[in-house]
Each structure stands twice: as structure tokens, then as C-alpha cells.
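See structure below.
The values are calculated or read from the model by the stated rules, or taken from the named source; none is laboratory data. This is a predicted model, so every value here is computed, not measured. With ideal geometry, Cβ positions are generated from the backbone for all residues, glycine too; neighbour counts draw on all protein chains shown. Areas reflect the complete protein model, heavy atoms only, side chains present, ligands, DNA and RNA absent. Shrake-Rupley method; radii C 1.70, N 1.55, O 1.52, S 1.80 Å.
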Amino acid sequence: MKMIPRLACGLMAVMAGSAQQTPRPPNMVLANDRLELTIQQTGGTFSKLLLRDGEPVSPLATIGHFLALDGFGAPSDQERAAGMPFHGEASKQVVRVIGTRNSEPVRSIILETLLPLVQETLTRTIEMVDGENVVYITSDLQSGLAADRPISWAEHATIGPPFLEKGKTVVDMPAQNCRVRPFKPGPIPGRLAYERDFQWPLAPTKDNAQADLRLVPDNNYLDLASCQIDPKRKLAFVTALHLDKHLLFGYVFRQQDYPWLMSWMNYTGDSRAARGMEFSTQPFDVSHQETVAMSPLFGTPTFRWLPAKARLQTRFLMFYARVPEGFSRIDDVVLEGGNMTIVDRSGKRLVLPASRGL
């Protein structure tokens, strides 16, 4: 059975005491014969991704995959005073559907988001092709300003339970130099040594040992580290593999668009747990001023320019599929000849159709 893009038909009012709050905008669902993706109208957040032929396990965390634009993390004092929210405006705005396509074999939806504080317009095209386990996302950002400016752009992708499971979920990417970010004390401790550099995936811990950041630990920790994607690669990837369920979720993106990947390791041990796989233009979730001041890091720029009245385009793929038994560590993801080839350390491979490429 093939499904076409549709709007969820129900609206639910949220009650707080005796006062009725404004209902949330309805979700949208884009699907083909392999995948079903739920998209929130607030921010265009990807909130659920399901395989249509089996167990209903979405890899996405409760907060889903949202777009941090034009801001990543806490704004500066001046930006905050001017109304700039945490992680920028994009995830807070209600998106507008400006186009859909239902004709076989392509299913698509086009969303537009206005960012009034930074005077930018984002157009996001989300596509699926029948017979493929891939979602194609193309973003066009148009500046309304008559001045060049550095932008902050992060695809804030997060995985969560039940896909995220202690000792059973591993994360892989072609990373090189990394740095641990300081984290303010919170309800759960951090295990990593703050502001220390390391080579992926072995990070220094506070007790002078090393932690393999590929693995979800048995204990509860809150840490954050950012890694430089291998600058020699044209295409990069990040994957999350559930070892028992043999489910693989991941992204493929251009290294020049997103040269950094930040790992937010919010291992709370409950339903709030999340692992961020946040590919971005900058290493850390900090203000524009701090981002520019740290450039370059490990020889890689930490921000990207949006020229006056200009348009930037980025594109990435999101995929979700079952893998053969024995997959344990993803060494590479290759796009070639209309296919995506996933190479495991065991020598096994999985080839998925990916006709639209990058």
C-alpha cells in the first residue's frame, strides 16, 4: 500500500487547570511504501520515523530532529534582549505548506518558514521515492539583509528510547579531532574531562581513563563533545545502530555544508534520554560572537557566511532500514550509481536504492 502526504485530521486542545490553551497545529505525515515520517507544523520538526513493514520503533527522541537556525544554543546577552530564543527562531515558527506532490514514484512536501528577527526565509523540500528507505531534505535560506553576516545552522538530530538503549546502541561517523565542551553541573554528572581535545571515539574522562563515545554507557551521564568531520571527505555520514534489533538510522550530508558534529549525550536512564547527532556549521551550541571568535578550530572554520541578499542551499539524506545480523560498526556510507552502500567493519554490506543522491 502506498501512502501520499497527508495532514493529520485531528487537533487536540491542551488543558491547564480550567484555562484552555491554544491548540497545537496539526502534524503532517509524508510516506511511501517503506517509510512514514511525521512532521510537526511548529518548526517543521521531524518527530517520528517508522518502517512500514514491522515493529513500530522510531529512532527519534522525544524532541525529534529540529532545525537550530539562525542560532545554535544560547544567544548573547544582546541577542536575548532583542528577543532571540535559544536555538534560534526556526524551531518556534509555524511553517507554511507551499507545495505537495503525490504522483508516483515521488512524494514530497515543501515548507516555508519566515524568520523575522534575522530577516531570513527558509524553504525546505522533503522528498521520498517509492521503494526507497531514504528521505531527501533540501533547504534554501534567503537573506533579506543588505549586509553579509555569519550564520549559525545546526540540524539538531536526536535519537531516544526505545531505539536508544544502554549497551545496545552504537553511533558511528568519520570524525577526527574532537573537543569536550564544559557543562554546568546538573541533575546528573558528566564523566568527561572538560575542555580536553581527543581523537574520535576515545574521549578523556575525569578519572584519567578513556570513554568510547560510540557506545551508550550503563550509567547515567550528561556530556557534550564536538568533532571535526574528516575534511578530506566530500560526503560525510553519522549512523546509529541498534545491535539487537538490527535497525540502522542515519544521515548523509556534504562535509562543506556541515563540517562539525556535536554529540549531546543526555543519558538520563529514562524516557527523557537522548543522544544528539547534531551536524552543523559550528562545533558548539554557543552565540554568534563566541562561534566567530573560536574560528578556526583544528584548521576548520567554525562559522559560515550568508552574503547580502543571497541564498544558500544545503541538502542531506536521512535513512532508516534493517541491516543483516552481524552488523556492529559502520565504517562507511557511499553514494554512487543511484545506490547507498553501507559498509560494516565485519565486511558485510547493505545496498539501498537512493536514486536522487546528493
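Placing R0 at 30 angstrom, the Cβ-Cβ distance between residue 77 and residue 197 gives a FRET efficiency of 0.60 after rounding to 0.05. Does the chain come out rounded, prolate or oblate by the C-alpha gyration tensor, with a ≥ b ≥ c the root eigenvalues, rounded set by a/c under 1.5 and, if not, prolate when a/b is larger than b/c and oblate if not? Rounded, because the longest to shortest axis ratio a/c is under 1.5. Evaluating 6.51 cos²θ - 1.76 cosθ + 1.60 at θ = phi - 60° for every residue in the stretch 187-196, the Karplus couplings come out as x, 10, x, x, 9, 8, 7, 5, 6, 10 Hz, glycine and proline recorded as x. Take the Cα of residue 336, step 7 Å toward its Cβ, do the same at residue 230, and the gap between the two points is 1.3 nm.
Within the straight-line cut-off of under 12 Å between alpha carbons, the aspartates and glutamates reachable from residue 234 are 257, sequence neighbours fewer than 8 places apart in one chain being disregarded. As a calculated quantity, the FRET efficiency between residue 63 and residue 348 at R0 = 35 Å, using C-beta atoms, amounts to about 0.60. Report note on the peptides 313-324, 189-200: ranked by the mean count of other C-beta atoms within 10 Å, highest first, their order is 313-324, 189-200. The residues of the chain present an accessible area of 43 Å² per residue when probed at 1.4 Å with all protein chains retained.
For the chain, adding -39500 (n - 2.57) for each run of n ≥ 4 DSSP H residues and dividing by the number of residues yields -500 deg cm²/dmol at 222 nm. Highest average first, the peptides 30-43, 232-245 ordered by how many other beta carbon atoms sit within 10 Å of their residues are 30-43, 232-245.
Per-atom-type breakdown for the chain gives carbon and sulfur 51% of the accessible area (1.4 Å probe, protein chains only). Loop-located trypsin sites (Lys or Arg not before Pro) in the stretch 260-306 (DSSP state not H, G, I, E or B) with no more than 14 neighbouring Cβ atoms inside 10 Å: 272.
Considering only 358, 32, 63, and ranking their Cα positions along the charge dipole of the chain that arises from unit charges at the beta-carbon of Lys, Arg, Asp and Glu, the one farthest toward the positive end is 32. With K and R counted +1 and D and E -1, the other residues having a Cβ less than 10 Å from that of residue 115 yield a net charge of -2.
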